[in-house]
Amino acid sequence: MILVPRKNLLVPKKMFFTKGVGTHNAELRSFELALRDAGIERCNLVHVSSILPPECKIISKTEGLKELVAGMITFTVMARACSNEPHRLIAASVGCAVPADSNTYGYLSEHHAFGENEHVAGDFAEDLAVEMLASTLGVEYDEDKSWDENKEIYQLKDKIISTSNITQSAIVDTEGNHSTVVAAAVFLF
């Protein structure tokens with residue numbers, strides 16, 4: 001058996017949520033403006049999947065932004081939606097489910113949507129994160145039940161301590177400019 005030294009593992013110790021919107025006649029520039037609005041445009045973003053590491057502290061956006069350095073390789077779970085269809089409603093959301101046991105990992109989920117407002121997209125992303133964590137923890141989760149019914153189930157079993165989401169929506173302007181929305185969970189070491 002080969003043992004891997006744990007001191008060299010890249011396991012984030014902190015995480016913060018952010019969101020932004022950008023509009024421009026070029027899609028790439030609208031994305032950059034959305035990142036700027038979110039405060040993470042100066043980082044080299046690496047998209048990662050949906051695991052919230054054990055004992056990862058969720059900090060405020062203000063605290064998190066202070067730790068970023070220009071050019072920094074920055075791991076993020078990001079949702080992104082873009083359109084230039086006039087009057088189109090777009091949304092990007094990241095949901096989060098935190099287990100009661102801090103030694104257990106949680107889940108983050110990305111949701112990109114058209115025609116959903118922030119409330120609908122946020123609830124959906126949050127539901128996805130809860131569903132993934134519930135299945136890992138062996139908690140029964142019925143996606144056909146209402147959010148409140150499922151919330152009572154996992155709270156009663158003391159398996160999931162909290163859920164949340166960060167969501168950004170926008171309506172594309174009538175000029176045919178590109179609008180981009182982003183929502184992100186940004187990891188720090």
* Asked: From the list R80, R36, which one is part of a helix (DSSP H, G or I) and among the charged types (D, E, K, R)?
  -> R36
* To do: Output the number of the condition that E131 fails; it satisfies all remaining conditions of (1) at pLDDT 95 or above; (2) of a type outside the set (S, T, N, Q); (3) surrounded by fewer than 21 Cβ atoms within 10 Å (Cβ to Cβ).
  => (1)
* Consider G122 carefully, then state whether it is at pLDDT 90 or above, outside any helix (DSSP H, G or I), closer than 26 Å to P53 by Cβ and not aliphatic (A, V, I, L, M). => no
* Can you name the residue in the range 49-67 that is in contact with a Ser or Thr (Cβ under 7 Å, 6 or more places away or on another chain) and not charged (D, E, K, R) and, of all such residues, is modelled with the lowest pLDDT? -> S50
* Evaluate the range 10-25: report whether one residue or more is assigned to a strand (DSSP E or B), in contact (Cβ under 8 Å) with a residue 60 or more places away in the chain, hydrophobic (A, V, I, L, M, F, W, C) and touching a Ser or Thr at 6+ places or on another chain (Cβ under 6 Å). => no
* To do: Go through the residues of the range 83-96 one by one and say whether even a single one is assigned to a strand (DSSP E or B), in contact with an Asp or Glu (Cβ under 6 Å, 6 or more places away or on another chain) and farther than 16 Å from L35 by Cα.
  => yes
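The values are calculated or read from the model by the stated rules, or taken from the named source; none is laboratory data. Since this is a predicted model, take the numbers as computed values, not measurements. Please note: Cβ atoms are built from the backbone with ideal geometry, for glycine as well, and neighbour counts cover all protein chains shown.
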